[in-house]
Amino acid sequence: MSYTKFGEFMRVLRVKNHEIMGDTAKLLNCMVSFVSSVENGKKNVPESWAPILIDHYHLDESQQKELYEAIEESKTQVKLNLSSASVSQRKLAVQFQRSFEKLDDETANAILNLLKEDAD
């Protein structure tokens, strides 16, 4: 079974706290199958989960950072708000979506570096 970074993070927390996935589901007020889907990357981590986990497990600043990074790395879907985007930005977003699965790592890294340079 393949876990996301979030799934790995949660497994470590559960082991350290002598809990099982059912305990996590109860804490998060959802079904065990939903927790499993999130940890396996079939669903995104709901935004409401992080504060609950931080409070329940008394995560320190470093652990909170690790949690949020794990959530980011585990995203399976991303939504873009295009309501204020220009025509060119909309075209770019649509073209990127169409081409995304065909991108090799070299091209993806080149685009990422280009966007990082533009942000600096």
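Could you identify which residue out of Asn109, Asn44, Asn81 has the top mean-square fluctuation in a GNM of the chain using Cα springs shorter than 10 Å? Of Asn109, Asn44, Asn81, the Gaussian network model singles out Asn109 as fluctuating most.
Here the accessible area is traced with a 1.4 Å probe on the protein chains. For the chain, carbon and sulfur cover 52 percent of it. Note on the range 5-73: with charges restricted to the Cβ of Lys and Arg (+1) and Asp and Glu (-1), its dipole about the Cα centre is near 340 debye. For the range 1-45, rounded, prolate or oblate, judged on the Cα gyration tensor with a ≥ b ≥ c (square roots of eigenvalues), a/c < 1.5 rounded, else prolate if a/b > b/c? Cα axes put the range 1-45 in the oblate bin. The chymotrypsin sites (Phe, Trp or Tyr not before Pro) of the range 2-80 meeting both criteria, a DSSP state outside H, G, I, E and B (loop) and at most 15 other C-beta atoms within 10 angstrom of the site's C-beta, are Tyr3.
Taking amide H positions as modeled 1.01 Å from N, with prolines and chain starts lacking one, the residues under 5 Å from Lys43 and 5 or more places away or on another chain are Val38. Taking every alpha-carbon pair within the chain, the share separated by more than 19 Å comes to 58 percent. Rounded to the nearest 20 debye, the dipole size of the chain about its Cα centre is 620 debye, using +1 on the Cβ of Lys and Arg and -1 on the Cβ of Asp and Glu. Hydrodynamic estimate: the Kirkwood radius of the range 5-73 over Cα pairs, inserted into Stokes-Einstein at 25 °C and 0.890 mPa s, corresponds to D of 206 µm²/s. Ellipticity at 222 nm from helices only: DSSP H runs of n ≥ 4 in the chain, each -39500 (n - 2.57), divided by the residue count, give -20000 deg cm²/dmol.
Here the Gaussian network model covers the chain, with springs between Cα atoms less than 10 Å apart; of Val38, Val94, Val12, Val94 fluctuates the most. Here r is the Cβ-Cβ distance between Asp23 and Val78 and R0 is 30 Å; the resulting FRET efficiency, rounded to 0.05, is 0.50.
For the chain, the solvent-accessible area with a 1.4 angstrom probe is 78 square angstrom per residue. The angle between the Cα long axis of helix 61-73 and the main principal axis of the chain comes to about 50°, on a 0 to 90 degree scale. Within the same chain, lysines fewer than 8 places from Lys75 are excluded, and of the rest, those with a Cα less than 18 Å from its Cα are Lys5, Lys42, Lys43, Lys65.
With a ≥ b ≥ c taken as the square roots of the eigenvalues of the C-alpha gyration tensor of the range 68-120, please select rounded if a/c is under 1.5 and otherwise prolate if a/b is larger than b/c or oblate if it is not? Rounded, because the longest to shortest axis ratio a/c is under 1.5. Placing unit charges on the Cβ atoms of the charged side chains and taking the dipole of the range 1-117 about its Cα centre, the candidate lying farthest along the positive direction among Ile52, Asn29, Ala85 is Ala85. Specify the residue with the greatest mean-square fluctuation among Asp55, Asp104, Asp23, computed from a Gaussian network of the chain linking alpha-carbon atoms under 10 Å apart. Answer for the Gaussian network model of the chain: Asp104.
Between helix 5-16 and the chain there is an angle of about 10 degrees, using the helix long axis and the longest principal axis of the Cα atoms. Rounded to the nearest Hz, the phi-derived 3J(HN,Hα) couplings of the range 91-101 under the Karplus curve 6.51 cos²θ - 1.76 cosθ + 1.60 (θ = phi - 60°) are 4, 4, 4, 5, 5, 4, 4, 5, 8, 3, 5, where x marks glycine and proline.
The values are calculated or read from the model by the stated rules, or taken from the named source; none is laboratory data. Everything numeric in this text was worked out from a predicted model, so none of it was measured. All Cβ positions, glycine included, derive from the backbone under ideal geometry; neighbour counts span all protein chains shown. What goes into the accessible areas is simple: the full protein's heavy atoms, side chains included, and nothing from ligands, DNA or RNA. Shrake-Rupley method; radii C 1.70, N 1.55, O 1.52, S 1.80 Å.
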